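*Asks:* Can you keep this structure in mind? I'll have questions shortly.
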Amino acid sequence: MTDDTTGTPHEPGSQWYDSEAGPLVRPYAMTGGRTQPGPSGVHFDLIALVTLATTARGSDDDTALGPEHRALIELCRPETQSVAELAAGADLPVGVVRVLLGDLLELGRVTVSRPVPPAQLPDERILREVIEGLRAL
């Protein structure tokens, strides 16, 4: 079998890049083979909100960070993003984004918060009573 672009022979599946997509970097290479977001034990669910830490907003010392880490920081710079939004914006698998966010969290570059679960929100009946009480004033 030969390569259509160069005419050189190659084995099926041995091509490391797609001429249209560019070079391929395996997800385990981006995370150093890790599958968990670090020793902190934090679990990043898809709706967890990630905000750039206030101490990191003006920091340009990104030399210790990889390009994927920097991409996530840039996505968080203008506004808070969910893990799902970061994965889509960085065009990375969610598992990779979780590991990279774990690194950034340990470095103090981001903070993570969770939206209020629906079970902890006030009951609609209580809110209506409050509105009726305010109207009565």
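The values are calculated or read from the model by the stated rules, or taken from the named source; none is laboratory data. Just so we're clear, the structure is a prediction, and the values are computed from it rather than from any experiment. Neighbour counts are summed over all protein chains in view; Cβ atoms, including those assigned to glycine, are modelled from backbone coordinates with ideal geometry.
*Asks:* From Leu100, Leu105, which residue is buried (at least 19 other Cβ atoms within 10 Å of the Cβ), within 24 Å of Thr55 (Cα to Cα), in contact (Cβ under 8 Å) with a residue 24 or more places away in the chain and in contact with a helix residue (DSSP H, G or I) (Cβ under 9 Å, 6 or more places away or on another chain)?
*Replies:* Leu100
*Asks:* Just to be sure before I move on: is Leu127 modelled with pLDDT of 85 or more, under 30 Å from Gly66 (Cβ atoms) and not β-branched (Val, Ile, Thr) in the structure I sent?
*Replies:* On the way: modelled with pLDDT of 85 or more: yes; under 30 Å from Gly66 (Cβ atoms): no; not β-branched (Val, Ile, Thr): yes.
The answer is no for Leu127.
*Asks:* Out of the residues in segment 108-137 meeting the condition of being within 19 Å of Ser82 (Cα to Cα) and free of Cβ contacts under 8 Å to residues at least 12 places away in the same chain, tell me which one is surrounded by the fewest Cβ atoms within 10 Å (Cβ to Cβ). Steps first, answer last, please.
*Replies:* Taking segment 108-137 and keeping what is within 19 Å of Ser82 (Cα to Cα), we get 108-118.
Now restrict to residues that are free of Cβ contacts under 8 Å to residues at least 12 places away in the same chain: 116-118.
Values: Val116: 8, Pro117: 8, Pro118: 6.
The qualifying residue surrounded by the fewest Cβ atoms within 10 Å (Cβ to Cβ) is Pro118.
*Asks:* OK, next. Among the residues of segment 65-93, count how many are over 18 Å from Ser113 (Cβ atoms) and in a helix (DSSP H, G or I).
*Replies:* Qualifying residue count for the region: 9.
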